[in-house]
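Written out below as structure tokens is the structure these notes cover.
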Amino acid sequence: MSNLTANQHHVWQYHLKAWANKKDQVWCLQKGKPAPFISHTRNVGSERFFYEFQELSESDEQYLEYIIHQSKNESLRKLNRGWVDSLQTPFTLRRMLAKFPLSDESKAQVERLLDETGKTLGEQYHGTMEEQGKPILDSLRAGDSSFYRNDDQQQMTFIQFISYQYFRTAKIRNGYRAIPLELPHDRDRTWPIEAFIYATNLGTSLYAQRHEYEIVMIDNRTDKPFITGDQPVINLLGLSDPEVELFYPLTPRRAMILSASRERYPSSQKDAGLIEVESYNFQMYQKSDTQLYGNDKDYLATFAGLPKGDLSG
């Protein structure tokens, strides 16, 4: 039986369910549409074979090595080369098996398996990370971030989780596609692997600075809900800033920020008034790709037609 999953989510369904009704439906505002529509979480924040890997060309491999070599950390370079090797496994196996005499039936079975693996391997990796992150997300939704200070393993898991949630999306993919090429390569082939590399780089950097960063819980004290989008983790700082400040809405009533600034966030908990809630929501809108999600149709509709700049996620 095939395990092929064609509809692959770049926005985690479990994240969206905090805004869903009892039928697992959320309100969605789609770019270019005048009003929100209601949809099951499985039908939004996804694309057909979004994480599909393709066989790299020699120039693709040279480009990825160039990206990897930007780090001065040899352990990190080795880790990222491991991603390239691991995510190219179906194609390595195909070349190896071509040397063996197989019956036509066996060749067809092997080819089918390798094709499915290339299309679903990325989805499987993210599914594993999601399962590891689920209890952490549940704790954060309940307003408890104590794991970050008290549990080294959970702290590492959270940093990995938030880094991959940031880089796994269509918004980030499309943004990188717009950057001029430094070396010849095919972005459709390299990007699915680049996303893992960049997420690993971010996670490694955050972990090295983990004692400088703190999770700040943002409690919504207004009648306006937090919204989320198809870039659910956003960086509140500019690209030129050496630090990141990651905002992640958790429910309509609560969000979190991972920040190294004690000046902006002297406490690990902050009540947000109307101006702040509206500001966070507007940034979520600005940094979304094509979809916003919420539990309030009328409030979500207020974002339709608003100006939108070319801002990074």
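The values are calculated or read from the model by the stated rules, or taken from the named source; none is laboratory data. What you see is a predicted model; the values in this text were computed from it and never measured. Don't worry about glycine lacking a Cβ; one is built from the backbone with ideal geometry, like all the others, and counts go over all protein chains shown.
Overview of values
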| quantity | calculated |
| --- | --- |
| Inter-residue pairs, beta-carbon under 7 Å, first touching a residue at least 12 places away in the same chain (Cβ under 8 Å) and in the stretch 96-118, second among the small types (G, A, S), 6+ apart | E116/S2 |
| Answer from S259, S268 - the residue that is polar (S, T, N, Q), over 20 Å from S288 (Cα atoms), touching a strand residue (DSSP E or B) at 6+ places or on another chain (Cβ under 7 Å) and free of Cβ contacts under 8 Å to residues at least 60 places away in the same chain | S259 |
| Residues located in the stretch 218-233, provided they are under 12 Å from M256 (Cβ atoms) and either without any contact (Cβ under 8 Å) to a residue 12 or more places away in the chain or within 20 Å of the chain's Cα centre (by Cα) (or both) | F226, P232, V233 |
| Members of the stretch 65-95 found to be of a type in the set (S, T, Y) and without any contact (Cβ under 8 Å) to a residue 60 or more places away in the chain, listed by number | S75, S86, T89, T92 |
| Identity of the residue in the stretch 209-261, polar (S, T, N, Q) and closer than 19 Å to T157 by Cα, that ends up surrounded by the most Cβ atoms within 10 Å (Cβ to Cβ) | S259 |
| Filtered residues of the stretch 86-130 (kept if part of a helix (DSSP H, G or I) and of a type in the set (F, W, Y)) | F91, Y125 |
| Test set (1) buried (at least 19 other Cβ atoms within 10 Å of the Cβ); (2) among the small types (G, A, S); (3) more than 18 Å from the chain's Cα centre (by Cα); (4) not in a strand (DSSP E or B) - A18 fails condition number | (3) |
| Residues within the stretch 251-292 that are in contact with a Phe, Trp or Tyr (Cβ under 9 Å, 6 or more places away or on another chain) and either assigned to a helix (DSSP H, G or I) or not polar (S, T, N, Q) (or both), tallied | 17 |
| Selected residue [among the acidic types (D, E), more than 24 Å from Q165 (Cα to Cα) and over 18 Å from the mean Cα position of the chain (by Cα)] from E65, E61 | E61 |
| Pair list, Cβ < 7 Å and 6+ apart or interchain, from the stretch 8-33 residues that are among the small types (G, A, S) to residues that are outside any loop (DSSP other than H, G, I, E, B) | A18/R141; A18/L250; A18/T251; A20/V26; A20/T41 |
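One line per residue, one yes/no per condition, for (1) within 20 Å of Y213 (Cβ to Cβ); (2) out of contact with any strand residue (DSSP E or B) (no Cβ under 6 Å at 6 or more places or on another chain); (3) modelled with pLDDT of 95 or more:
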| position | (1), (2), (3) |
| --- | --- |
| L102 | no, yes, no |
| Q109 | no, yes, no |
| L113 | no, yes, no |
| T117 | no, yes, no |
| S139 | yes, yes, yes |
| S145 | yes, no, yes |
| I159 | yes, yes, yes |
